[in-house]
4 protein chains.
Amino acid sequence: MWITVKKDADLSDVKASLTELGVWTQSLQQEGGPGRSLAILPHSAAVSSERILKIPGIDQLFAAESRMPKVDAQSGQILQEENWTLGQAPILMAGPCGVESEQQIHQAAELVANAGATFLRGGAFKPRSSPYSFCGFGQEALVWLREAADSHDLKVVTELLSEQNVDQVAKYTDLIQIGSRNMQNFALLKAAGQTGVPVLLKRGMAATVEDWMLSGEHLLAAGSRHVVFCERGIQSYDQPFRNLLDLSAVALLKHVHKQLVIVDPSHGAGRKDLILPLSKAALAVGADGLLVEAHPNPGQARSDGPQALQEEDLNRLGTLFEQSEKRAPTLCLKD
Amino acid sequence: MWITVKKDADLSDVKASLTELGVWTQSLQQEGGPGRSLAILPHSAAVSSERILKIPGIDQLFAAESRMPKVDAQSGQILQEENWTLGQAPILMAGPCGVESEQQIHQAAELVANAGATFLRGGAFKPRSSPYSFCGFGQEALVWLREAADSHDLKVVTELLSEQNVDQVAKYTDLIQIGSRNMQNFALLKAAGQTGVPVLLKRGMAATVEDWMLSGEHLLAAGSRHVVFCERGIQSYDQPFRNLLDLSAVALLKHVHKQLVIVDPSHGAGRKDLILPLSKAALAVGADGLLVEAHPNPGQARSDGPQALQEEDLNRLGTLFEQSEKRAPTLCLKD
Amino acid sequence: MWITVKKDADLSDVKASLTELGVWTQSLQQEGGPGRSLAILPHSAAVSSERILKIPGIDQLFAAESRMPKVDAQSGQILQEENWTLGQAPILMAGPCGVESEQQIHQAAELVANAGATFLRGGAFKPRSSPYSFCGFGQEALVWLREAADSHDLKVVTELLSEQNVDQVAKYTDLIQIGSRNMQNFALLKAAGQTGVPVLLKRGMAATVEDWMLSGEHLLAAGSRHVVFCERGIQSYDQPFRNLLDLSAVALLKHVHKQLVIVDPSHGAGRKDLILPLSKAALAVGADGLLVEAHPNPGQARSDGPQALQEEDLNRLGTLFEQSEKRAPTLCLKD
Amino acid sequence: MWITVKKDADLSDVKASLTELGVWTQSLQQEGGPGRSLAILPHSAAVSSERILKIPGIDQLFAAESRMPKVDAQSGQILQEENWTLGQAPILMAGPCGVESEQQIHQAAELVANAGATFLRGGAFKPRSSPYSFCGFGQEALVWLREAADSHDLKVVTELLSEQNVDQVAKYTDLIQIGSRNMQNFALLKAAGQTGVPVLLKRGMAATVEDWMLSGEHLLAAGSRHVVFCERGIQSYDQPFRNLLDLSAVALLKHVHKQLVIVDPSHGAGRKDLILPLSKAALAVGADGLLVEAHPNPGQARSDGPQALQEEDLNRLGTLFEQSEKRAPTLCLKD
């Protein structure tokens, strides 16, 4: 946003009023003329145009049109499906990185259900940096995953990797996951969107929040019923972390844009010993749920074993949700 | 760390045992020989050498000597001064960016005391990107700050900017702040350390946790009684944030290295509208306290006004601490 | 790599020998034993195992197996197609961001041919952050592009965005471009690879060189005749740049891994006024060619107009190649 | 910069004219009114206000006042000292990381002089991450350094670490180096500036170009005769590099801000095997010189040995300067 100041106004008064609202400004002067203006910097607190125009001394306010009307329309909405909902009390989504056998996913489902989770996760199609790594059992694994979830009264979230599998995946899942590496795979976003099924959209490795939301717009424009954003850590320069979990982005999406946000603390740091504290932080910052890797036997996992929780820790994690159901409404700045 | 595997051991069994402990490994083969070994990657869960050596099949384990014995010696310690303490229930440190007048800092102290804070913050010497910005009133401001704090039963934390002011600052403050821009100003660290006064060491704009801890070692080696680490956000590539608050680093320092950690959510995102959610996240992840900017009249602040809380919001923030005093011991992974 | 040191060897002599070779080491001590070892840090100069094992005092050397044998097999190879080649004298690839009309691409082809380029670039399918932006004319544009190139004796490079268009794109292009956003779209890599056509693989927005090379391995494993790497800038935290052109990565790929590398200075900084200096730097660091945006009328471009060169500047850029054809062999460190 | 568009003007014509100049814009609409404006994005090509105001249809242009008038005043200037100069043909500055003995620095000076260098570098005071590492011989080393330089007709550049050593360092050096870790140590900048001696200002680990230039303004405001900027690599997320050499920043400082810029390719990547290619790139992009680590016997170096060049490679590097003296004037975009 950008503001012009009235000729007879006191510029420092105008700036003081904006400052009190949490707005950062930069002063600009008209070239060859007396005009004065203020640019509103992007890390300002969100303040409506109406509120700003009430400040005495402001002449005109210029703003860019939103590039994401359909994401904006989701603002403040919960996701209400036939037999599950997202956006009221936070929920737990858990399960193994990959679906490795019928038996493994059934054991995992039991573990996950016992911890109080709502969703079972598990990859039938796995994106892998190396072409020689285990890449999932595909169609077969989708069937196992659905059956394991159904038999434990869980919903399913699983990743879609290829346009060619879109109908297959849409058929077996309640929530289609688009992974970090495909956040801007626009062909896949379109295909996923056309199914109508709600999508869990993971953030790209160094994506801006704006680009992430624009990818959500791609999905909604193509037909998704709802887009849920999932923060899973961005590229970190620091070696003790696999990724850098960005809870500021969660706060922004949740408290400013009022979107549904899930946090993945497993990939978030990649460290099993930090999953519980980061989960607590994620819920405290306002996340609508957690997506966590859990495995009945991490030592046998074909991928991501070191970050998979076992029974005892998963149950501890589950207790966070019991507490949070009773929590008071989010503490926020006054409007 | 690096491990060699016994000749007759099953490598996949060894890897499975490590994976269950949350340890990421990379397999390495001896050049021109039969030896097998595993490198332990730095984003592994912290596991002791003793625990690893119990795994059947492991032959030798090689580890680097710690580069920071004095920081290690602080592990698990609280900071116990004559009439204040840090590391038990979390505390609040608040106040204006700069000490701007005797009246302003007294008003701020009242605000801060009313919100339940333990420390009054305020800069007598201000680091500023531009040489033409307000850089503090120096000595005079130190006196005002101390008096304002004393008259409201608050402790003082203030920044040291120059070796030349070290005695002056040490005389008036309970906790010397070293700012982000000086995290690796080793001459200043030495001077601050020699006073013995505890130090709040802010993280540099793109510092690794290791370099941050090594700067703490500089302080302790020079004589500081205790070093407290303060996360205040790192360089962000995303414009809606002034900085990127890295709560993973807080989790690592707190739960793995067991150090005292304060979080500054004001600089953390630079957005007034995200301070409360990020504060809640910081306490949830385990921070020992918050350092927050507050001003009786942000519109008149000479620096950082847009991120300064006013009375009502500061009081809301204060209520977080009442809750956290009663909180159960931190939920952690089993040892 | 990890090294064990002989019992009777002088550790500092061993380290000195490694240091002279440009190798950074970290010392490790055996837990509960006398063993000494050295970890070789990843930012060391590339030195062969054979060379290291010749150092007196070194006992055993452990190394990881390469994760990308097919990329390794490309090392030092040029790309020799029926009527074009890459890897001898550097070449110029230029053209508009998008193919916007038959007339536009013919004009562009003339411009590009006159500047001495070998390849015509132009997008028939355009990846766009927003779903409401121009996304290319598809199949029709492929035909225009091919005809324009052929009539000016140019080769074609164009981006593949969807698995569904792979045959179509492969038919009309000499070099399939995989864009940054799809660097780890493994389904697309597989589809592109199966055509056999050489691929220009752009680096992801925050990809490590290893992940980039592994994506190349995906292509080669699926059947690509050759993978050419294209650096186009990574996520930057600094606003005067659209992206941060990483010529260190080009140097590493070129001089250590001996791969074919193209540099895109247009997206690299996004600034028209830096394209020429960055192009010179790219050629100096060893790039096998440049991929540059040029447009007969940038003011009318439907995307990326501000970074598109016009005739005069493109011709200046072309003169860099005349000079470089005559250049002496690359100055390198002695082997 | 921000622009308002005349009521009767065609917005797309105005945008096209700006696009042709390399200017990126964002359209903004007046809230509740007919006004239209364009924000000029910071990664636009540098275009003067005068040029923009000539575009038909533009009404008013608003711009921020420069925050660094003294740096601006250096624009296009060379540095002319009594018996050396910077900014004409590029020069070589070389020498060991630390001054380790009288003999070592004399040997180094001979090496450096033979390679055709103008400056001898070497640290008398060394900033070290760990307090237990070698931190230089101080005053004594300054004397050795000066004598070694004088006896080989070289100038001296050496780092200032503490306000307490400013007179001492200023006495023995021709160019005071401020290191990365102290780029925003404003007390040190002031002290260094007050000596009047020209300063080589290294960029902080994640500094924006604007903050870097503002630190230059601190120096000039305090009295430095000239500030020379030195790019030495920023924080990298990729392990094969010690730092990420940012030649885009060099291009911006050189071709847009027309400042004197030196590149340090030794720290730039930390890899001995990439120093030569990166040096060539630095000169090609327009650097006024290189600052390179060289040691008569790197195996015995007390710091940074693995990135220190030896005689043969330093001589090869020296030949780059012979070529560049004869080079044609820099190829630039037309004005």
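Pairs linking a residue in the range C:19-36 that is among the aromatic types (Phe, Trp, Tyr) to a residue that is in a loop (DSSP other than H, G, I, E, B), with Cβ atoms under 7 Å and 6 or more positions apart or on different chains, are C:Trp24/C:Leu41; C:Trp24/C:His43; C:Trp24/C:Ser44. Candidates in the range D:258-289 are the residues that are at the interface with chain C (Cβ under 10 Å from one of its Cβ atoms) and touching a residue at least 60 places away in the same chain (Cβ under 8 Å); of these, the one that is farthest from the chain's Cα centre (by Cα) is D:Leu283.
The residues of the range A:99-127 that are among the polar types (S, T, N, Q) and open to solvent by 30 Å² or more (accessible area, probe 1.4 Å), listed by number, are A:Ser101, A:Gln103, A:Gln107, A:Asn114, A:Thr118. Kindly check whether there is at least one residue in the range A:68-88 that is modelled with pLDDT of 95 or more, small (Gly, Ala, Ser) and touching a helix residue (DSSP H, G or I) at 6+ places or on another chain (Cβ under 7 Å). For the range A:68-88, residues modelled with pLDDT of 95 or more, small (Gly, Ala, Ser) and touching a helix residue (DSSP H, G or I) at 6+ places or on another chain (Cβ under 7 Å): absent.
Evaluated against (1) charged (D, E, K, R); (2) within 8 Å of chain D (Cβ to nearest Cβ); (3) open to solvent by 20 Å² or more (accessible area, probe 1.4 Å), B:Asp167 falls short on exactly one condition, (2). Scanning the range A:53-81 for residues that are acidic (Asp, Glu) and within 17 Å of A:Ser12 (Cα to Cα) gives a single hit, A:Asp59.
Just a yes or no: is a residue in the range D:305-314 open to solvent by 10 Å² or more (accessible area, probe 1.4 Å) and either more than 7 Å from chain C (Cβ to nearest Cβ) or within 26 Å of D:Ala46 (Cα to Cα) (or both)? Yes. If the condition is being assigned to a helix (DSSP H, G or I) and more than 15 Å from C:Lys202 (Cα to Cα), then the range C:221-253 contributes C:Ala221, C:Ala222, C:Ser248, C:Ala251, C:Leu252. Here are some residues: A:Ala16, A:Ala89, A:Ala9, A:Ala63. Which one is touching a residue at least 60 places away in the same chain (Cβ under 8 Å), surrounded by 13 or more Cβ atoms within 10 Å (Cβ to Cβ) and out of contact with any strand residue (DSSP E or B) (no Cβ under 7 Å at 6 or more places or on another chain)? Residue meeting the stated conditions: A:Ala89. Considering the range B:184-204, the residues that are assigned to a loop (DSSP other than H, G, I, E, B), buried (at least 24 other Cβ atoms within 10 Å of the Cβ) and under 14 Å from the mean Cα position of the chain (by Cα) include one that is farthest from the other protein chains (Cβ to nearest Cβ), namely B:Arg203. Scanning the range C:169-183 for residues that are outside any helix (DSSP H, G or I) and more than 16 Å from C:Glu147 (Cβ to Cβ) yields a count of 6.
If you go through the range C:76-85 one residue at a time, do you hit one that is farther than 24 Å from C:Gly289 by Cβ and more than 13 Å from chain D (Cβ to nearest Cβ)? Checking the range C:76-85: not a single residue is farther than 24 Å from C:Gly289 by Cβ and more than 13 Å from chain D (Cβ to nearest Cβ). Of everything in the range C:22-36 that is out of contact with any Pro (no Cβ under 9 Å at 6 or more places or on another chain) and within 14 Å of chain D (Cβ to nearest Cβ), the residue that is most open to solvent (accessible area, probe 1.4 Å) is C:Gln26. Among the residues of this structure, B:Ile91 does not count as one that is assigned by TED's automatic domain parsing to the domain that holds B:Lys254 and either more than 21 Å from the chain's Cα centre (by Cα) or within 30 Å of C:Ser37 (Cβ to Cβ) (or both). Reported count of residues in the range A:210-252, each being out of contact with any Pro (no Cβ under 9 Å at 6 or more places or on another chain), buried (at least 24 other Cβ atoms within 10 Å of the Cβ) and more than 11 Å from chain C (Cβ to nearest Cβ), is 4. Screening D:Asp264 against (1) in contact with a Ser or Thr (Cβ under 7 Å, 6 or more places away or on another chain); (2) within 25 Å of C:Arg271 (Cα to Cα); (3) open to solvent by less than 10 Å² (accessible area, probe 1.4 Å); (4) not polar (S, T, N, Q) leaves a single unmet condition, (1). Among the residues of the range A:133-158, those that are open to solvent by less than 20 Å² (accessible area, probe 1.4 Å) and either in a helix (DSSP H, G or I) or touching a helix residue (DSSP H, G or I) at 6+ places or on another chain (Cβ under 8 Å) (or both) comprise A:Gly138, A:Ala141, A:Leu142, A:Leu145, A:Ala148, A:Ala149, A:Leu154, A:Val156, A:Thr158.
Going through the range A:131-159 one residue at a time, which ones are under 26 Å from the mean Cα position of the chain (by Cα) and more than 14 Å from A:Val99 (Cα to Cα)? Across the range A:131-159, the qualifying residues are A:Asp150, A:His152, A:Asp153, A:Leu154, A:Lys155.
All conditions but one from (1) touching a Ser or Thr at 6+ places or on another chain (Cβ under 7 Å); (2) closer than 30 Å to B:Arg51 by Cα apply to C:Val23; the one that does not is (2). Looking across the range B:257-274, the residues that are of a type outside the set (A, V, I, L, M) and either closer than 19 Å to B:Pro90 by Cβ or not assigned by TED's automatic domain parsing to the domain that holds B:Val292 (or both) come down to B:His257, B:Lys258, B:Gln259, B:Asp264, B:Pro265, B:Ser266, B:His267, B:Gly268.
Quick one: D:Leu291 ticks every box in (1) in contact with a Leu (Cβ under 8 Å, 6 or more places away or on another chain); (2) within 20 Å of C:Leu320 (Cα to Cα) bar one, so which box is it? For D:Leu291, the exception is condition (2). Of all residues being closer than 24 Å to D:Gln184 by Cβ and in contact (Cβ under 8 Å) with a residue 24 or more places away in the chain in the range B:119-130, which is nearest to the chain's Cα centre (by Cα)? Just the residue, please. By that ranking, first place goes to B:Arg121.
The set of residues from the range B:170-180 being farther than 14 Å from B:Phe229 by Cα and surrounded by 24 or more Cβ atoms within 10 Å (Cβ to Cβ) comprises just one member, B:Thr173.
The values are calculated or read from the model by the stated rules, or taken from the named source; none is laboratory data. Here the structure is a predicted model, which is why all the values come from computation and not from measurement. Note: ideal-geometry Cβ built from the backbone for every residue, glycine included; neighbour counts use all protein chains shown. Side chains included, ligands, DNA and RNA excluded: accessible areas come from the protein's heavy atoms. Shrake-Rupley method; radii C 1.70, N 1.55, O 1.52, S 1.80 Å.
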